[in-house]
1. Could you derive backbone 3J(HN,Hα) for the range 103-112 from the dihedral phi with the Karplus parameters 6.51, -1.76 and 1.60 (θ = phi - 60°), listing whole Hz in sequence and x where the residue is Gly or Pro?
2. What is the distance, in nm, between label points placed 7 Å from the Cα along the Cα-to-Cβ direction at THR132 and at ARG71?
3. What part of the accessible area of the chain, given as a whole %, is carbon or sulfur when the probe is 1.4 angstrom?
4. Hey, what did the chain get for relative contact order, percent, Cα under 8 Å, at least 6 apart?
5. From the P(r) of the range 31-112, can you give the percent of Cα pairs sitting at distances over 22 Å?
6. Along the Cα→Cβ direction, 7 angstrom out, place labels at ALA165 and ASN18. What is the inter-label distance in nm?
7. When the helix-only estimate is applied to the chain (DSSP H runs of n ≥ 4, each -39,500 (n - 2.57), divided by the residue count), what is the mean residue ellipticity at 222 nm, nearest 500 deg cm²/dmol?
8. Provide the net charge surrounding ILE145, with neighbours chosen by a C-beta distance below 15 Å and charges set as Lys +1, Arg +1, Asp -1, Glu -1.
Amino acid sequence: MPIPLYQIVRYPAPALANPTNPVITGGLGLERIVKRMVPTMRAVDGVGLASNQVGLSLSLATIEYRPRQQRDAPERVPLHVIVNPVILESSVEVSELQEGCLSCPGIELVVPRSTRIVVRFQNLTGQTVTETVSGFKARIYQHEIDHLNGQTILDQARGQRAIIAAYRAHPARFANGKQ
Ligand code: NI
């Protein structure tokens, strides 16, 4: 029997605006959740999915990136799960790139991100990992960790205030392509 997909919650759902709760790793419950999150993320071609995007308040995100087109960032990021992630260091150097978000359909915004971060998280078996992450992977991490802290690209974008205000006022118009 196929695993039912989660429904992805959209701005302005309160789940997106609240920081998620720390998770205790090692339980079967988490595995069940992840087994549903991964196909949910893949079904919509996402590169990351934070638990609060499916309405759960758990400090946990799934991440996977496979370049598809020439213009895509080249570095592949294999499927993995980050639990209770904390960014310990962020480079002063930033890069700017347009980002979309599964929870903010219909808008892409230029978001500055540190090009290199040091992040600590747990994997599903409860091991603590400290890793230096750079490039597109660092961007994905920052985007997903923002979600887990109750923030989206609407909070993190640089400038673009008028379009963000318009989005916040009428997100459905953007999602339907009628802005
Ligand atoms: Ni997102």
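The values are calculated or read from the model by the stated rules, or taken from the named source; none is laboratory data. All values derive from a computational prediction rather than experimental measurement. Glycine gets a Cβ as well: all are built from the backbone with ideal geometry, and neighbour counts include every protein chain shown. Just the protein is used for accessible areas: all its heavy atoms, side chains included, with ligands, DNA and RNA removed. Shrake-Rupley method; radii C 1.70, N 1.55, O 1.52, S 1.80 Å.
1. So the Karplus estimates, Gly and Pro as x, are 8, 10, x, x, 9, 10, 9, 6, 10, x Hz.
2. 3.2 nm
3. Carbon with sulfur: 52 percent of the solvent-accessible area.
4. It comes to 24 percent, rounded to a whole number.
5. 32 percent
6. In this crude label model, ALA165 to ASN18 measures out at 2.9 nm.
7. Calculated from helices alone, the mean residue ellipticity at 222 nm is -8000 deg cm²/dmol.
8. -1
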